[in-house]
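A short write-up of the structure that comes next.
The values are calculated or read from the model by the stated rules, or taken from the named source; none is laboratory data. Note that this is a predicted model, so its numbers are computed, not measured. Cβ atoms come from the backbone with ideal geometry, glycine included; neighbour counts cover every protein chain shown. These area figures cover heavy atoms from the full protein model, side chains too; ligands, DNA and RNA do not enter into them. Shrake-Rupley method; radii C 1.70, N 1.55, O 1.52, S 1.80 Å.
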Amino acid sequence: FQLMQQQRIRPDEVTYNSLINAFVQSKQPDKATEVFQLMQQQGIRPDEVACNSLINAFAQSKQPEKATEVFQLMHLHGFRANDVTYNSLINAFARSNQPDKAIEVARLMQQQGI
């Protein structure tokens, strides 16, 4: 990534999504968040892939409030949540011992026809 910047190659959506996913896989949600924010600062609107990856990062790190923030951001950007989105959000609440919230998300998922 730094090499791309040094050579003045502008990272695109795929590059940012790959970086976010790499940090999610290595259990570094703070780094994934940094890349997500950098992506936006560079004028690239996060897509469903980036949002789902970040929601998953927050689920893994037991941060359901942050996962919910990204979920809401998806709606602000006009993205429709899919089964990956909802399952990650359910997982975030389940891992945080909030079964009532997990059930609430599952019901919302059903209402959306997913």
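With everything on Cα atoms, drop me the angle between helix 83-95 and the longest principal axis of the chain, reported from 0 to 90° to the nearest 10.
Roughly 70 degrees, rounded to the nearest 10.
Determine the per residue accessible area of the chain with all protein chains present and a 1.4 angstrom probe, expressed in square angstrom.
On the way: 6860 Å² over 114 residues.
Per-residue value: 60 Å².
With unit charges on the beta carbon (Lys/Arg positive, Asp/Glu negative), name the residue among SER53, GLN41, GLN25 whose Cα is farthest towards the positive pole of the charge dipole of segment 10-114.
Selected residue: GLN25.
Counting helices only, and only those DSSP H runs with n ≥ 4, report the 222 nm mean residue ellipticity of the chain as the sum of -39,500 (n - 2.57) divided by its residues, in deg cm²/dmol to the nearest 500. Show your work: numbers first, answer last.
Values: 7 runs with 83 residues, N = 114.
-22500 deg cm²/dmol, from helical runs alone.
Assuming a ≥ b ≥ c are the square roots of the Cα gyration tensor eigenvalues, decide whether segment 54-114 counts as rounded (a/c under 1.5), prolate (otherwise, with a/b larger than b/c) or oblate. All intermediate terms of the calculation are to be shown ahead of the outcome.
On the way: a/c = 1.99, a/b = 1.18, b/c = 1.68.
Because a/c hits 1.5 or more and a/b fails to exceed b/c, segment 54-114 counts as oblate.
Can you compute 3J(HN,Hα) from phi for each residue in segment 8-22, using the Karplus curve 6.51 cos²θ - 1.76 cosθ + 1.60 with θ = phi - 60°, rounded to whole Hz and x for Gly and Pro?
6, 8, 7, x, 10, 4, 5, 4, 4, 4, 5, 5, 4, 4, 4
Applying the Karplus parametrisation 6.51 cos²θ - 1.76 cosθ + 1.60 with θ = phi - 60° to the phi angles of segment 27-35, what ³J(HN,Hα) value in whole Hz is obtained for each residue in order, glycine and proline being reported as x?
Values per residue, Gly and Pro as x: 6, 10, x, 5, 5, 4, 5, 4, 5 Hz.
Run through all the Cα pairs of segment 7-99 and give the fraction in each 10 Å bin from 0, expressed as whole percent.
19, 52, 25, 5, 1
Apply the a/c threshold of 1.5 to the C-alpha gyration tensor of segment 40-79 and tell me whether it is rounded, prolate or oblate. The partial results should precede the final answer.
On the way: a/c = 2.18, a/b = 1.69, b/c = 1.29.
Verdict is prolate for segment 40-79.
Top mean-square fluctuation among GLN42, GLN98, GLN28, Gaussian network model of the chain, C-alpha springs under 10 Å?
GLN42
Where the only charges are on Cβ atoms (+1 Lys, Arg; -1 Asp, Glu), what is the dipole of the chain about its Cα centre, to the nearest 20 debye?
Values: 11 positive and 11 negative charges, 33 e Å.
Using Cβ point charges on Lys, Arg, Asp and Glu, the chain gives about 160 debye.
Residue-wise, which Karplus ³J(HN,Hα) couplings in Hz belong to segment 41-53, taking 6.51 cos²θ - 1.76 cosθ + 1.60, θ = phi - 60°, and x for glycine or proline?
With coefficients 6.51, -1.76 and 1.60, one gets 4, 7, x, 9, 6, x, 9, 4, 5, 4, 5, 4, 5 Hz.
Taking all protein chains in place and a 1.4 Å probe, what share, in percent, of the accessible surface of the chain do carbon and sulfur account for? Let's see the in-between values first.
Values: 3260 of 6860 Å².
Of all accessible area on the chain, carbon and sulfur atoms account for 48 percent.
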